[in-house]
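Engineer: Right, I'll just put the structure down here and ask away after.
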């Protein structure tokens, strides 16, 4: 799997991660991580609701074991 995160603002930067992905269908794990992520972005008061909403059959947790990291900061400097 490859994951790239870039900063679209000048002077532009990015990080690229590559490795093996593992899919996890364990709804307890999906809920745990969905709740943690929701707490970070939506706040603690809404986290449980988002975690419950996202921990349903058909939703997956993707775990990436990183083998390689490539990053460039200030690409146009």
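The values are calculated or read from the model by the stated rules, or taken from the named source; none is laboratory data. Only a predicted model underlies this, so the values are computations on that prediction, with no experimental measurement involved. Cβ atoms come from the backbone with ideal geometry, glycine included; neighbour counts cover every protein chain shown.
Engineer: Anything in region 64-74 that is touching a strand residue (DSSP E or B) at 6+ places or on another chain (Cβ under 6 Å) and in a loop (DSSP other than H, G, I, E, B)? List them, or say none.
Structural biologist: Residue satisfying the conditions is 73 alone.
Engineer: Also, quick follow-up: Taking region 25-63 as the region of interest, how many residues are without any contact (Cβ under 8 Å) to a residue 40 or more places away in the chain, under 26 Å from residue 1 (Cα atoms) and not in a helix (DSSP H, G or I)?
Structural biologist: 9
Engineer: Same structure again: Please verify whether region 5-13 includes one or more residues that are on the phi < 0 side of the Ramachandran plot, touching a residue at least 12 places away in the same chain (Cβ under 8 Å) and not assigned by TED's automatic domain parsing to the domain that holds residue 77.
Structural biologist: The answer is no, given that none of the residues of region 5-13 is on the phi < 0 side of the Ramachandran plot, touching a residue at least 12 places away in the same chain (Cβ under 8 Å) and not assigned by TED's automatic domain parsing to the domain that holds residue 77.
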